[in-house]
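Here the structure comes first, spelled out in structure tokens, and everything after it is commentary.
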């Protein structure tokens, strides 16, 4: 199996690889000065909080009572001590009394207000009842520090929150996030081995392109003697899953040099300047350990073309990009530091990043061909026990367009199905079922009415029959009316060989085949249903591409009027009249193909009924059974 890629580290652990040793412990002895300061501050805060709590709750809380209730308790001889300040009287009772407001519990300390119009001889009554009149308040007032703490509490809370956020984001002045030590190269963990070119297959031309980099890192003196300099940067571009990250690790493994790896998104943080600081440290450490490789994954995250920021471009992303440009200009090819970057969208990168002297080479990593898929499957099944009927050549033939990641997933799904079925080997059936699961989705336990099942059978038969009849169409591999994923039925068609360019006839055949389900419903039932939604999406994409991208419309002309799939908002812009012409031509192409689909299915109604009946009986038909049910030889292609 391919050596696993180390899991992506979180931003606060970006510079610490799995094999790097932990930071050395603090030497024994005196506690650092900062620790004593924090300890003193902690003690002060604890004291103030304790004082506050005691002031608020330590006295148990006095109960506010009416003056009438006070005189009643005084006449009953229950008052033992009072303190008066103006008209406010605080006091204590000899025995706890139930709260006068009907609340739970009792009270012994009270507070009351003496009315100014009261004419009772309070002092005489107090002397008669032996009440102690004290000069100290019964209920202690809050101290100055507590009052100050209460008044400053909101501000202190904001300061604490700010400190916590600052500690989380970073420390150490204007530097970056908190990190432990400088960047470290990625090293294999215990029991792992270095990734080499033996773990990469299906992209031999790319491996040959990178062999020079490996040879230079191994024998730099030979190149220096000839006055040759290695490219400073190599950009790997291609669809997701084609093995760009694996290639970079294989180059480092073959050369046996330190490998620094980071994702471009990990350079971007809230604080401006953090990313640039990290870039400086990364390149500085690579120079110390040269020859070395720096790998930056998904570089389009920070390498997009500049100038789109209305605030002047002084954001964190552009500062990080500027630092990368400066660092790549700051070392020569003789230093032995090679930067390898990967992206799925090379068209959005800044031109300054792609000029000679920075990323000198752009290597396109494309999906593998049939032989490449066979080699990739062999790598990913090295540890998988294969049954005698497991033909990797056949699997490679029916998986055109799949990338290395797709094939690795396919092999793993086949192994999982073998375990689920209680088998000791992975056979052809497991690979076939795994391919259906990957491409079509898992089987759904959906019970459909008989009439709806028959309508679905005609729908899928329309797709399949037109694929069998139309010249140049892809062969039909399987038909099923078993619900899978979001679909009620599926017709699987794949080419016998890889295709890299498409004729107008082939594209029209694709549209006719995709419209076959809707046309079959129209021919048989006279109405159409919502089951053709995904078919219409495919048809719209192909028709608009024919009219607006590939110059297959006389009215639009030989020009590209709409952006490609990978360009998105960065594609070409056209005049509204041109876009209207593209839409009109796309409608014309689809209308012509739909009429042709209806005509062919009407002429071949007998074969359509036979194929639908076979689906109703067996639910799933493989390639041979489908052609036999339609009464057609496997190689027959006829327009009539």
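The values are calculated or read from the model by the stated rules, or taken from the named source; none is laboratory data. In this text the structure is predicted, and so the values were computed from the model without any measurement. Please note: Cβ atoms are built from the backbone with ideal geometry, for glycine as well, and neighbour counts cover all protein chains shown.
Figures for the structure shown
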item: Region 443-454, residues that are more than 40 Å from the chain's Cα centre (by Cα) and either modelled with pLDDT of 85 or more or under 27 Å from residue 507 (Cβ atoms) (or both); result: 451, 454
item: Helices (runs of 4 or more DSSP H) (entirely within region 423-531) containing at least 3 residues that are buried (at least 16 other Cβ atoms within 10 Å of the Cβ) and either touching a strand residue (DSSP E or B) at 6+ places or on another chain (Cβ under 8 Å) or on the phi > 0 side of the Ramachandran plot (or both); result: 428-440, 450-469
item: Helices (runs of 4 or more DSSP H) (entirely within region 274-366) containing at least 3 residues that are under 17 Å from residue 262 (Cα atoms) and either assigned by TED's automatic domain parsing to the domain that holds residue 212 or modelled with pLDDT of 80 or more (or both); result: 274-288, 316-329
item: Residue count for region 369-386, restricted to those that are assigned by TED's automatic domain parsing to the domain that holds residue 430, out of contact with any strand residue (DSSP E or B) (no Cβ under 6 Å at 6 or more places or on another chain) and not in a helix (DSSP H, G or I); result: 4
item: Conditions (1) crowded, with 18+ Cβ neighbours inside 10 Å; (2) touching a residue at least 24 places away in the same chain (Cβ under 8 Å); (3) touching a helix residue (DSSP H, G or I) at 6+ places or on another chain (Cβ under 6 Å); (4) outside the structural domain of residue 503 (by TED's automatic domain parsing): number failed by residue 389; result: (1)
item: Failed condition for residue 596, given (1) crowded, with 16+ Cβ neighbours inside 10 Å; (2) at pLDDT 90 or above; (3) under 42 Å from the mean Cα position of the chain (by Cα); result: (3)
item: Residues being assigned to a helix (DSSP H, G or I) and either surrounded by fewer than 18 Cβ atoms within 10 Å (Cβ to Cβ) or in contact with a strand residue (DSSP E or B) (Cβ under 7 Å, 6 or more places away or on another chain) (or both) - total across region 532-568; result: 8
item: Failed condition for residue 352, given (1) out of contact with any strand residue (DSSP E or B) (no Cβ under 6 Å at 6 or more places or on another chain); (2) under 30 Å from residue 219 (Cβ atoms); (3) in contact (Cβ under 8 Å) with a residue 12 or more places away in the chain; result: (2)
item: Residue within region 242-255 that is under 19 Å from residue 375 (Cα atoms), part of a loop (DSSP other than H, G, I, E, B) and at pLDDT 80 or above present; result: yes
item: Residue tally, condition touching a residue at least 40 places away in the same chain (Cβ under 8 Å) and crowded, with 16+ Cβ neighbours inside 10 Å, over region 599-615; result: 8
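Every residue, every condition in (1) part of a loop (DSSP other than H, G, I, E, B); (2) touching a strand residue (DSSP E or B) at 6+ places or on another chain (Cβ under 8 Å); (3) at pLDDT 70 or above; (4) farther than 30 Å from residue 285 by Cβ, yes or no:
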| position | (1), (2), (3), (4) |
| --- | --- |
| 115 | yes, no, yes, yes |
| 120 | yes, no, yes, yes |
| 124 | no, no, yes, yes |
| 161 | no, no, yes, yes |
| 166 | no, no, no, no |
